[in-house]
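The numbers here are math on the coordinates, done by the rules we state, and not lab data. The structure displayed is predicted, hence computed values, not measured ones. Here the Cβ positions follow ideal geometry from the backbone for every residue, glycine too, while neighbour counts run over all protein chains shown.
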Amino acid sequence: MSSVLSKPDRLPVESLLLDVADVLATSLDLDTTVRRVAEVVRKVIDYEIFAILLLNEKTQELRFRFQVGYPPEFAERSRIKVGEGITGQAAQTRQAVLIDDVTKDSRYIEAVPNVHSELAVPLITKNRVIGVIDIEAREPGYFNEEHVRLLTLVASRMAAGIENAQLYTRTTKQARILLLLNEIARELTSILNLDELLGRIAELVRRLIDYQMFSILLLDSSGEKLQHRFSLRFNENIHLKHEIPLGRGLVGAAAESQQAVLVPDVTKDARYVEANPETRSELVVPLVYKGKVIGVLDLEHTRRGFFTEEHQRTMTTLAAQIAIAVENARLYEEIERQERRLERDLALARELQGRLLPQTSPKMAHLDVAAKFVPARAIGGDLYDFIPYSMSRLGIAIGDVSGKGAPAAIYAALVSGIIRSHAPIEPGSAEMLSAVNLSLAERRIEAQFVSIIYAVWDDEHRTLTVANSGLPRPIFVHNGKNEVIEATGLPLGLFDEADYDEFKFRMKPGDMFVFFSDGILDARNRKGELFGRGRVEKIVSECSEKSASCVVDSLFKAAAEHSAGVETFDDQTVVAIRVHGSAHASPKKK
C-alpha cells in the first residue's frame with residue numbers, strides 16, 4: 001500500500017472542499033452520507049482499513065456506523081468507551097491522534113491483525129464530538145502530518161452533514177410513529193390485566209388497519225408452541241384452542257425467524273396452513289422481548305394484497321411496544337401468583353418460627369421469667385430459648401442474627417439447633433458460646449454471624465452466670481437500682497476460635513436481669529431519634545418492684561409508641577428474669 005499524497009498539491013484543498021460540499025448538499029440519508037464520506041477520504045488517503053464511529057451521548061460509547069476492512073462481528077458488537085483505545089482518546093481529547101506503531105502503544109485495541117499505523121480524527125460540530133473517523137494501515141509510519149491536516153479538514157466539514165443526516169433520520173421516524181407511541185404509552189402500558197390488554201390491543205390495531213380477522217398468539221412455557229390467547233373474526237370474539245408449533249404455517253414461520261411475514265396471496269404460499277377459508281392476504285408480526293419471541297400478531301383479510309409494506313412497518317414498530325406491554329402484564333400476573341404463594345409460605349414460616357420458640361415460660365421455684373419476640377418482617381433473625389438443666393438449673397439464650405427476613409430466620413433456626421445439640425452436656429455460659437462458635441465456624445456462611453447472651457440459672461443456690469458475644473450489655477437490678485453489666489465479646493461465626501468472659505452473680509429476692517436485642521435500642525421515631533438505653537433503663541427501674549412481665553410488656557409498649565408511624569427496622573426481643581420476693585440484701589459478684 002502506498003500513500004496517494006506524495007505532494008500537498010496532488011489534491012488541491014479547493015477540490016476537496018467541493019467534494020465535501022457535494023456530499024452535504026445531495027443527501028440527508030445517514031447511510032448514504034457516511035458512505036460518501038468514506039469515498040471522499042479515499043481521495044485523500046489510500047486506505048484498506050477505515051471506519052466511521054458515532055458517539056452515543058447517553059452511554060458515552062463509540063459504535064461503528066460504517067467500516068471497511070474490519071471483521072463484521074467485531075464491528076457489530078464493539079462498544080468503545082470515550083477515552084479507551086486510539087479512537088476513544090481522539091473523542092476524549094477532541095484532537096487528532098496519530099500513531100506510527102500501535103504495537104508500542106498500550107491504548108491500542110486490536111481488531112485487524114498486523115496493523116501498525118493508525119490515525120483517528122474526531123468529528124466535531126457545534127462544539128460537540130459526535131464521532132470519530134479512524135484509519136489504520138499495516139505499514140509502520142504510514143500516515144503523516146499532511147494526512148492529519150487534510151483528514152481534520154474533511155472531518156470538520158463532514159461532522160455537520162452527518163449530524164444533519166442523523167437528525168433527519170430520527171425526525172422522519174418520529175413523524176411516522178409519534179401518534180402510535182403516544183397512544184401506546186397511554187393505553188397499553190397502564191393495563192396490567194392480560195385479557196383486558198389483549199382486547200385493547202385489538203381495538204388500537206383496528207384504528208390503524210381495517211383488518212377482518214385478528215389473533216394474538218403467545219408462546220407457551222415450553223417455548224415450542226404458540227397458543228391462541230385472543231381472536232376476532234369479523235368483529236366477533238371467538239375462542240380457539242388449537243396450538244401451532246414453531247416453524248409451522250405463517251405464524252410459526254414469523255415466530256421462528258423473528259421477522260414479519262407479509263403474504264399478498266396465501267393461496268400461493270406453500271407455508272400457509274388453511275384455518276379460515278375466507279382468508280386471502282395475511283400479515284404476521286412477531287412479538288419480540290429482549291431478543292426472544294413471546295408471541296405473534298396475526299392479521300388476515302379476504303382481499304388479496306390488502307396488507308402493504310407500510311402496514312408491515314407500522315405493525316413492526318407497534319409490536320415492539322405491544323411486546324413490552326404483554327410481558328409486563330404476564331409478569332404482573334406471575335408476581336401476583338408468586339406473592340400469593342409467598343404470603344402462604346411466609347405465614348407457614350412464621351408459624352414454624354413461633355413453634356421453635358418456647359411456648360410457655362419455665363416454672364422455677366424462685367424465678368419469675370418473661371420473654372417476647374417481635375420480628376421486623378414476617379419472620380426475623382432474633383431468638384430466645386429456655387433449656388432445662390439437671391439439679392434445678394436453667395439455660396437461658398437470647399440471640400440476634402445479622403440481617404433480616406428469611407435468611408436470618410433460617411440462620412437463627414440453625415443456631416437454635418446447635419444450642420440444643422450442646423445442651424445435654426450442660427455447658428457453662430462461656431463454654432456454650434465457644435461451642436456454638438466452633439460449630440458455626442465448621443459450617444461458615446458468608447456475612448452471617450450471631451450475637452448471643454447465654455446465661456445459666458441455678459434455682460437452688462439462686463446464682464446466675466452470664467456470658468455475652470455481642471448483644472447489648474444486660475441490666476442487673478439490685479435494691480431498686482440498675483447496674484449495666486460490662487459483659488461483651490465477639491459475635492459467633494466470624495472466627496474459628498474465641499474466648500468469652502463469664503460473670504457470676506448471687507441473686508437475692510427482688511433482683512432482676514433484663515436481656516434485650518439492639519432492635520429495642522435502635523427503634524427510631526419520625527425525627528430519627530433512637531429509643532436508646534436511657535429509656536430502657538428508666539422503664540426497667542419503674543418495674544423493678546413488679547414482675548418480669550411488667551418489664552417485657554412495658555419495653556415493647558414504649559418502643560412501639562416511640563416509633564409510631566415509622567417502619568420497624570430491626571427485630572426486637574426482650575427476656576427478663578426476677579427472683580421472687582422483695583429486694584433487700586446485696587448480691588455477691590465474682
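Structure notes:
- In this structure, the pairs whose alpha-carbon distance is over 32 Å, taken from 372/527; 290/404; 404/508; 58/404, are 290/404; 404/508; 58/404.
- Only one of (i) -0.79, -0.88, -1.12; (ii) -0.77, -0.83, -0.96; (iii) -0.51, -0.63, -0.98 was calculated from the structure for log10 I(q)/I(0) by the Debye sum over Cα atoms at q = 0.07, 0.08, 0.11 Å⁻¹, and its label is (ii).
- As a rough footprinting exposure proxy, the listed residues 582, 231 were ranked by other beta carbons within 10 Å of their own, and the order from fewest upward is 582, 231.
- Mean-position separation - Cα centroids, the range 91-119 and the range 196-253, in angstrom: 53 Å
- Among the trypsin sites (Lys or Arg not before Pro) in the range 19-66, those located in a DSSP loop and surrounded by at most 14 other Cβ atoms within 10 Å of their own Cβ are 58.
- Residue pairs exceeding 18 angstrom between C-alpha atoms, taken from 481/546; 268/292; 481/538: 268/292.
- Per-residue HN-Hα couplings for the range 372-381 [Karplus 6.51, -1.76, 1.60; θ = phi - 60°; Hz; x = Gly/Pro]: 7, 9, 10, x, 5, 10, 4, 10, x, x
- Sparsely packed loop sites in the range 240-311 (the GluC sites (Glu not before Pro) outside DSSP H, G, I, E and B with at most 10 other Cβ atoms within 10 Å) comprise 274.
- The range 194-333 shape via C-alpha gyration tensor axes, a/c threshold 1.5: rounded
- With the helix formula -39500 (n - 2.57) applied to DSSP H stretches of n ≥ 4, the chain reaches a computed 222 nm mean residue ellipticity of -12500 deg cm²/dmol.
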